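**Student:** Below is one structure. I have some questions about it.
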Amino acid sequence: MTEIKMPKLGESVTEGTIERWLVKPGDTVEEYDPLCEVITDKVTAEVPSVAAGTIGELLVSEGETVDVGVAICTVEAEGGEEAPAAGEDAPEDEVEEPAPAKAASPAKGAEKPRGARISPVVMRLASENDIDLNEVQGTGFNGRITKKDILKVIEQPAEPKSAPAETAPAAQSRPAAAKPSVRAGEEIPVSGVRAAIAEKMVQSSTEIPHAWLMMEVDATNLVNLRNSLKNDFKKDEGFNLTFFSFFVKAAAETLKEFPMLNSSWQGDKIVVNKDINISIAVAGDDKLYVPVIKNADELTIKGIAKQVNELAELGRAHKLTSEHMSGGTFTVNNTGAFGSVQSMGIINHPQAAILQVESIVKKPVIVDDMIAIRHMVNLCLSIDHRVLDGLVAGQFLKRVKEKIEKISAEHTSVY
């Protein structure tokens, strides 16, 4: 009998919550088949079986939180032999799988996609059914192709090809996001990612004494510069040059001047972080992720725009890992994407501040004693009042404002 233990899904992760069991006692599983979905404060992942056999007892209930290394279920290995113990430091995306046995005449479709980790059972099923793994959308952790993905393809009726490959439209990189369907009067259990978010927000709002301030910024020069570059930039680079990337760059540069904003309260001391790692919010269906742009102060605006695009795509496809979401030191949130013009952000614990970038709107303002139509944006800053006072917070926000308002075609390069 083999015990499957709660894996360690990140450097600072010490516990995990069973969000959903994918098996029940008596089920037969192959090695690497997913057993359950686990949620931590950093990532959602599947826990794979370390052996082929039969599920014995489920030791942890759905919704229950246990420490890393605690046994969560048992598997009776095939042949009654004891399988290697499930290591607590071996999350699914780090398990190196053995090469599958070579069939006498393997199907062409069973060739392993470049850089992918494919379990033996998936390779066998793909080979037996002539399935091209490059065309299978993986739903497992990190987009991994699971046994269920292959069985779904097998069960689907073959569709006639209406056009040759070279004229067929390109396949989408990810399925369209499904809109959550809710009904009036419905009771929705709080679990998984929503429960983890709720716990972190309560911790932040109860532990951190929040203070808040806002400044109005003239973003007219930014709007004009970005609009003059966006079409050629998209054509040359393949991704969008967003307004948000300019704000992230300005914030990251300003954090070097005001390092206290890049710190955290650690009980009896304040830790000022060496690296400037900007957390951003990314939504995927009904789930919210907070991936990190590492060393953002060292990146160009193009480099930041590229990372924002890549992290957003990974978030929408639910392929962000704990590595993507670890190490954040300051958060910049693009609340303006939804049309918001003013908001009070809850700080991403244990960080000391969060900057909300609101929607850019045209407004009549006074310029040189004359009324002019300008593109204006509100920058809203929430701070941990244990770490920061209004003086340094105001100086920081004023400096970000100055950087945005000084953007120009002559002095600002996106490369």
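Any read-out appearing in this document is the output of simple, stated calculations on the displayed coordinates, not a laboratory observation. Note that this is a predicted model, so its numbers are computed, not measured. Ideal geometry is used to build each Cβ from the backbone, glycine not excepted, and the neighbour counts take in all protein chains shown.
**Student:** Could you list which residues have their amide H under 5 Å from that of residue 49, counting only those 5 or more apart in sequence or on another chain, with H placed in the peptide plane?
**Tutor:** 32, 33, 35
**Student:** Which net charge results when you count Lys and Arg as +1 and Asp and Glu as -1 among the other residues whose beta-carbon is under 10 Å from that of residue 245? Don't skip to the end; give the middle numbers.
**Tutor:** Numbers: positive: 226, 249, 302, 306; negative: none.
Summing Lys and Arg as +1 and Asp and Glu as -1 gives +4.
**Student:** Could you please report the charge total around residue 232, scoring K, R as +1 and D, E as -1 over all other residues with beta-carbon less than 13 angstrom from its beta-carbon? Don't jump to the answer; show the numbers that get you there.
**Tutor:** Numbers: positive: 226, 230, 234, 235, 302; negative: 236, 237.
My count for the surroundings of residue 232 gives +3.
**Student:** Moving on to the next point. From the backbone phi of the range 278-283, what are the Karplus-calculated ³J(HN,Hα) couplings (6.51 cos²θ - 1.76 cosθ + 1.60, θ = phi - 60°) in whole Hz, Gly and Pro given as x?
**Tutor:** Each residue's phi maps through the Karplus curve to give 8, 7, 10, 9, 10, 9 Hz.
**Student:** Related question: Within the set 256/294; 8/319; 256/398; 24/148; 200/398; 5/319, which residue pairs have Cα atoms separated by over 21 Å?
**Tutor:** Result: 200/398; 5/319 exceed 21 Å.
**Student:** Right, here's the next one. Take every Cα-Cα pair in the range 330-409 and report what % of them are more than 16 Å apart. All intermediate terms of the calculation are to be shown ahead of the outcome.
**Tutor:** On the way: 1875 of 3160 pairs.
Every Cα pair in the range 330-409 considered, those over 16 Å come to 59 percent.
**Student:** Right, something else. Just from the alpha-carbon atoms, what are the Rg and Dmax of the range 197-405 in angstroms?
**Tutor:** 17.0, 53
**Student:** Once you list every other residue whose beta carbon is under 12 Å from the beta carbon of residue 360, what net charge do they have if Lys and Arg are +1 and Asp and Glu are -1? Intermediate values should be presented prior to the final figure.
**Tutor:** Working: positive: 226, 362, 363, 374; negative: 216, 218, 358.
Net charge in that neighbourhood comes out at +1.
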